[in-house]
Ligand SMILES: Nc1nc2c(ncn2[C@@H]2O[C@H](COP(=O)(O)OP(=O)(O)OP(=O)(O)O)[C@@H](O)[C@H]2O)c(=O)[nH]1
Ligand SMILES: [Mg+2]
């Protein structure tokens, strides 16, 4: 039997409400010791899953707070064990007193993620759902939250379970044919097996390929703002961020490093990267900054190239535009419209092979909306099952390869051993995704990333 754990489960204190959570068989006894319901319905009389108003008792039996408490009977709780939650006034002193009272009554402090770990061990959720729980807690955009909720509702585990079932049925059929030669069992057809394995391999590859989209939704879509010095990159970055995050001066070469700011546009998170202006650098630090600008442009999923439209287009502008990889979505911002754009500037920018051109003023914000619309178009498609965990994507990729190898063996009519070992390896890798065959170390590593109280 598990011991009883206790932890604060709410956010930073002070807050409106402080939450203390208990889990483990016998936690109702602890609740009775530290919480006195006003209606006196404690222990045997307690009605499960109902909130009670009452007194929180401190060490000396004195009332520490007037608060609410609820008791969940196993297995109908988050952890699958008996659980209790106390909702106090959100003072750090009260929450600490509640926890200390619980510890005096026999509970121990919970480790990070221990509640969710118990939920996993009790079969309340699998590893993909546990990882989705962590994603959901850390989500900073509506789209990221939606993706995590879909995973928490079993989108990924449903796929993996279905694929595991296909492979298990295939192997069971094979062994049945081998073991019961006298019985009237449908013959094992290698061609059919190869088809199943190919389909599984393709589906897994497809899921793993979606990781890049999923990761952008979870951690932000990286967009680099590049251009020659003084074009107004930092000014545009600040205008998009809605605050003065980057330093702006009329001195060329102000930004020396890549600055990252998370902004939400259209319900999705963007990782905007302000970069050092591109030019033949004078100093060492600036040269390094320019190298980082180059890298930012290469690794982003979209690039905004900023031009100062109030002055002649220069070689440095052309150099900056050349940094954008052909494969990336890109746009040109002709900046400083408030002081007038040179008549032939747009024509010249068109010749740089950038189709989307926005004329705007980073200073006044005029014309910024059209750029925001362009950024919205970069939001990845979140439809269908989306993988956001690098751990899961890696396992999916190797399971896909194992399935492909097994399919090849089956197609080539190689010995059964070769086909079986690859199919079984795939099955094991799929089990690691959901946690059926994951080692205790993997599970512990995942739960250690949680906060205390979850
Ligand atoms: N009039 C006007 N001035 C602008 C606009 N955008 C930027 N500026 C000015 O242009 C100068 C350079 O702006 P920054 O945003 O620092 O330019 P940058 O591209 O980040 O420059 P580096 O960091 O040196 O590469 C500053 O004096 C800004 O005030 C604009 O839309 N209109
Ligand atoms: Mg700058």
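Bear in mind that the values in this text are calculations on the coordinates, not laboratory data. Just so we're clear, the structure is a prediction, and the values are computed from it rather than from any experiment. Cβ placement follows ideal geometry from the backbone for every residue including glycine, while neighbour counts extend to all protein chains displayed.
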Cα centroid separation - region 60-135 against region 379-454, whole Å: 32
Kindly express, to the nearest 10 degrees and within the range 0 to 90, the angle between helix 416-434's C-alpha long axis and the longest C-alpha principal axis of the chain. 90
I need the shape label for region 216-376. Rule: rounded when a/c is under 1.5, else prolate if a/b > b/c, else oblate, with a, b, c from the alpha carbon gyration tensor. rounded
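Please arrange 13, 313, 236 by how many other C-beta atoms lie within 10 Å of their C-beta, fewest to most. Could the numbers behind the result be given before it?
On the way: 13 17, 313 21, 236 26.
The most exposed by this proxy come first: 13, 313, 236.
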For the chain, percent of DSSP beta bridges that are antiparallel (nearest 5) comes out at 60
If you average the C-alpha positions of region 197-263 and of region 276-339 separately, how far apart do those two centres end up, in angstrom? 14
If one takes the longest principal axis of the Cα atoms in the chain, at what angle in degrees, from 0 to 90 and to the nearest 10, does the Cα axis of helix 155-179 lie? 60
Based on the Cβ-Cβ distance of residue 2 and residue 319, what FRET efficiency does E = 1/(1 + (r/R0)^6) give at R0 = 56 Å, to the nearest 0.05? 0.30
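For the chain, what does the relative contact order come out to in percent, with C-alpha contacts under 8 Å and a separation of six or more? Mind dumping the intermediate values first?
Values: 883 pairs, mean separation 76.7, N = 454.
Across the chain, relative contact order equals 17 percent.
When a/c reaches 1.5 or more, the comparison of a/b and b/c decides; with that in mind, is region 5-110 rounded, prolate or oblate per its Cα gyration tensor?
Working: a/c = 1.42, a/b = 1.21, b/c = 1.18.
The shape class here is rounded.
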So what is log10(I(q)/I(0)) for the chain at q = 0.06, 0.09, 0.10 1/Å, when the Debye sum runs over its Cα atoms only? -0.43, -0.82, -0.91
Tell me the label-point distance for the pair residue 212, residue 418, using the 7 Å Cα-to-Cβ offset, in nm and rounded to one decimal. 3.3
So in region 216-376, what percent of DSSP beta bridges are antiparallel if you round to the nearest 5? 25
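Would you mind calculating the relative contact order of region 140-259 from Cα pairs under 8 angstrom and at least 6 residues apart, reporting the percent as a whole number? Show your work: numbers first, answer last.
Working: 45 pairs, mean separation 18.6, N = 120.
Contact order relative to length: 16 percent.
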Could you tell me how many degrees, from 0 to 90 and to the nearest 10, lie between the Cα long axis of helix 142-152 and the main elongation axis, the longest principal axis, of the Cα atoms of the chain? 30
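Listing 27, 39 from the residue with the fewest other Cβ atoms within 10 Å to the one with the most, what is the order?
On the way: 27 26, 39 10.
Ranked by crowding around the Cβ, least crowded first: 39, 27.
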For a test of the definition: using alpha carbon positions, the gyration tensor, and the 1.5 limit on a/c, classify region 355-454 as rounded, prolate or oblate. oblate
Give the order of 275, 388, 255 when sorted by the count of other beta carbons within 10 angstrom, beginning with the fewest. 255, 388, 275
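Per-residue ellipticity at 222 nm for the chain, helices alone: DSSP H runs ≥ 4 residues times -39500 (n - 2.57), over residue total, nearest 500 deg cm²/dmol? Write down the numbers at each step before the final one.
On the way: 16 runs with 205 residues, N = 454.
So the helix-based figure for the chain works out to -14500 deg cm²/dmol.
Could you order the peptides 197-204, 416-423 from most to least packed, using the average number of other C-beta atoms within 10 Å per residue? Present the calculation step by step, with values, prior to reporting the outcome.
Numbers: 197-204: 21.0, 416-423: 17.6.
My ranking of the peptides, most packed first, is 197-204, 416-423.
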